[in-house]
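A.B. asks: This structure is in structure tokens; I'll ask about it shortly.
The values are calculated or read from the model by the stated rules, or taken from the named source; none is laboratory data. Keep in mind it's a predicted model, so treat the numbers as computed, not measured. FYI the Cβ positions are ideal-geometry reconstructions off the backbone, even for glycines, and counts take in every protein chain you see. In case anyone asks, the SASA skips ligands and DNA or RNA and just uses the protein heavy atoms, side chains included. Shrake-Rupley method; radii C 1.70, N 1.55, O 1.52, S 1.80 Å.
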Amino acid sequence: MKRLDLVPRFQAQLRLQSSTRPAGILRIVLSSLAMAKWGRRLGWDHLHGPLWEWGFSLVTLTSLCFMLVGYRARLATGVAAACAVAIGVYDLNNYFGWETNGSHHEATLAVAMALVALLPTGGSYSIDRWLLVRRAQQEGRPVPPEIGPMWALPLLALHVSAVYFYGGMVKSHFGYLRGDRLEQILMNKYLGSVLPRAMWFKVLILVSAVGSVVLEYSLAIGLWFRRFRWPLIALGVIFHAALYLTLTVYTFSMTMCICYIAFFDPWDVHRELDRLHGPVPTPADAAVTTPSTPESAGRPPADQSRA
Amino acid sequence: MVLAAWLALSPSYRYIVKPPKSPWILDWAMFRGHGSDMCDVRYFIAHGDEREEIDWMAVVEEKGLHRSKRRLRLRSIQEVHRMGRQLCVALDEPDIRAKIRCGSSTTWRRRGKGKANMCTTVPRPDGKRK
């Protein structure tokens, strides 16, 4: 029997050093989503309980701010993730009365943040990085590359796959596939207590129900394969845009879409961002493209040199 | 490895073994209960054995029985009967019946086949007729 090389593969994954740019992007977007989701509710004017709630609010919001700007980013991301897990997974949202029966959307965001906390989140697009580059330049050293241990990125991809797979699995019953559950959701959201009897409506519901389950299974498995990745990402974004627009699924949709980045090789993301940024403009380029103002005339463009 | 196993397998543990609810066993059943209490209702005016379906949302709007027909959601047999009695008065009809099906976490369940005259019947709290 052929022996699987799981242990060497696992050790190689733990030693993986790669571009930290995906971690930086995830850090910024997930902290923004968490602030949008919980920021207002954690405002002190919304808290009426014991003193620890106020402390929890202060720690959560402060760590989210630090996570957003990337100052002491790993520590801030870790603390923010712990707070998010307490809210979304350990059901503090029930305690606060924000949710009555847990929220899978908040749990998805919290688990994603916890996994991102395992990445070197301060390595790119952060104050930490800015300070590092400035210190290196002051000391006359070369700017350190944006590299860090990215071993945990596939775990985030696994999280996305699990959410889709089990989301599809719990819908894989006759009642959902026939459209009954979608009809109930649409009635609750839009239609009131009269269901349209038109055939086109029934067909639309049937196609949506079967299509959503097929798409969830496809996303769960297909995103791991380079060949299917881009078409599935396009379908996934359209799917989440439709949910965002019609079913008030806000942070969940955004969380899933940004986590698609975990399926890409970090160096591919890095190179693509380099391609988007383009070369550093010279003073001559700036003179051609920038209209001359009294303030900017003769001033060279900002130094955008990167490693 | 432990993290990967937790992410990949803990939801299946929840669905297969069905342990007591624990926050540490992940659960990705989205929209499980959303709208599952909705009732889909069709009201009829009964003339002997004949039934004439009412566009009851139009009646609700015309007679001002509810502030917005789009927001009118009947979520229990009691609410369906209450609306039935309002329709009896609004339309001045002595016999209005309803075919009712209400949601559950998986599918529709039939709750009334139009046998009860809502103008004279009051449902018990368990949904059965008196």
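Here is a yes/no grid of residues against (1) farther than 22 Å from A:Gly122 by Cα; (2) touching a Gly at 6+ places or on another chain (Cβ under 6 Å); (3) not charged (D, E, K, R):
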position	(1), (2), (3)
A:Arg41	yes, no, no
A:Leu47	yes, no, yes
A:Pro50	yes, no, yes
A:Trp54	yes, no, yes
A:Thr62	no, no, yes
A:Gly78	no, no, yes
A:Val89	yes, no, yes
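A.B. asks: Then there is this: Here are some residues: A:Ser208, A:Ser172, A:Ser161, A:Ser218. Which one is more than 30 Å from B:Leu72 (Cβ to Cβ), hydroxyl-bearing (Ser, Thr, Tyr) and more than 12 Å from chain B (Cβ to nearest Cβ)?
C.D. replies: Working: A:Ser208 fails: more than 30 Å from B:Leu72 (Cβ to Cβ); A:Ser172 fails: more than 12 Å from chain B (Cβ to nearest Cβ); A:Ser161 fails: more than 12 Å from chain B (Cβ to nearest Cβ).
After applying the criteria, what remains is A:Ser218.
A.B. asks: Which ranges mark the helices (runs of 4 or more DSSP H) fully within the range A:66-169 that have 2 or more residues being aliphatic (A, V, I, L, M) and open to solvent by less than 10 Å² (accessible area, probe 1.4 Å)?
C.D. replies: Per the criteria, A:73-88, A:104-116.
A.B. asks: Is the range A:19-36 home to any residue that is surrounded by 15 or more Cβ atoms within 10 Å (Cβ to Cβ), more than 25 Å from B:Asp27 (Cα to Cα), in contact with a helix residue (DSSP H, G or I) (Cβ under 8 Å, 6 or more places away or on another chain) and among the basic types (Lys, Arg)?
C.D. replies: The initial filter retains those residues of the range A:19-36 that are surrounded by 15 or more Cβ atoms within 10 Å (Cβ to Cβ), namely A:19-35.
Within this subset, residues satisfying the condition of being more than 25 Å from B:Asp27 (Cα to Cα) are A:19-25, A:28.
Those still in the list that are in contact with a helix residue (DSSP H, G or I) (Cβ under 8 Å, 6 or more places away or on another chain) too: A:19-25, A:28.
If we keep only those that are among the basic types (Lys, Arg) as well, we get A:21.
Within the range A:19-36, one or more residues are surrounded by 15 or more Cβ atoms within 10 Å (Cβ to Cβ), more than 25 Å from B:Asp27 (Cα to Cα), in contact with a helix residue (DSSP H, G or I) (Cβ under 8 Å, 6 or more places away or on another chain) and among the basic types (Lys, Arg).
A.B. asks: Is it the case that A:Gly88 is modelled with pLDDT under 85 and touching a His at 6+ places or on another chain (Cβ under 9 Å)?
C.D. replies: Yes: the conditions hold for A:Gly88.
A.B. asks: Filter the range B:23-49 for residues that are within 11 Å of chain A (Cβ to nearest Cβ) and open to solvent by 80 Å² or more (accessible area, probe 1.4 Å) and give the result.
C.D. replies: Scanning the range B:23-49 gives B:Trp24, B:Arg32.
A.B. asks: Continuing with this model, one more query. Does A:Phe264 fit the bill of being more than 12 Å from chain B (Cβ to nearest Cβ), closer than 26 Å to A:Ser32 by Cα and touching a Pro at 6+ places or on another chain (Cβ under 8 Å)?
C.D. replies: yes
A.B. asks: Here's another thing I want to ask about it. When you scan the range A:211-293 for helices (runs of 4 or more DSSP H) that lie fully inside it, which ones turn up with 2 or more residues that are within 30 Å of A:Ala107 (Cβ to Cβ) and of a type in the set (Lys, Arg)?
C.D. replies: Answer list for the range A:211-293: A:226-246.
A.B. asks: Scan the range B:3-22 residue by residue and report those that are open to solvent by 40 Å² or more (accessible area, probe 1.4 Å) and either part of a loop (DSSP other than H, G, I, E, B) or among the acidic types (Asp, Glu) (or both).
C.D. replies: If the condition is that a residue be open to solvent by 40 Å² or more (accessible area, probe 1.4 Å) and either part of a loop (DSSP other than H, G, I, E, B) or among the acidic types (Asp, Glu) (or both), then B:Lys18, B:Pro20, B:Lys21 are the ones that fit.
A.B. asks: Would you call A:Leu61 open to solvent by 60 Å² or more (accessible area, probe 1.4 Å) and in contact (Cβ under 8 Å) with a residue 24 or more places away in the chain? Before the answer, list the steps.
C.D. replies: Values: open to solvent by 60 Å² or more (accessible area, probe 1.4 Å): no; in contact (Cβ under 8 Å) with a residue 24 or more places away in the chain: yes.
It is false that A:Leu61 is open to solvent by 60 Å² or more (accessible area, probe 1.4 Å) and in contact (Cβ under 8 Å) with a residue 24 or more places away in the chain.
A.B. asks: Please state which one of B:Glu62, B:Glu52 is of a type in the set (Asp, Glu), assigned to a helix (DSSP H, G or I) and more than 9 Å from chain A (Cβ to nearest Cβ).
C.D. replies: Working: B:Glu52 fails: assigned to a helix (DSSP H, G or I).
When all the criteria are applied, what remains is B:Glu62.
A.B. asks: Of the numbered conditions (1) farther than 26 Å from A:Leu14 by Cα; (2) not assigned by TED's automatic domain parsing to the domain that holds A:Ser32, A:Cys65 fails exactly one; give the number of that condition.
C.D. replies: Against the list (1) farther than 26 Å from A:Leu14 by Cα; (2) not assigned by TED's automatic domain parsing to the domain that holds A:Ser32, A:Cys65 comes up short only on (2).
A.B. asks: In addition: Which one is nearest to B:Asp55 (Cα to Cα), of the residues in the range A:180-205 that are at the interface with chain B (Cβ under 10 Å from one of its Cβ atoms) and not in a helix (DSSP H, G or I)?
C.D. replies: Here the residue is A:Val194.
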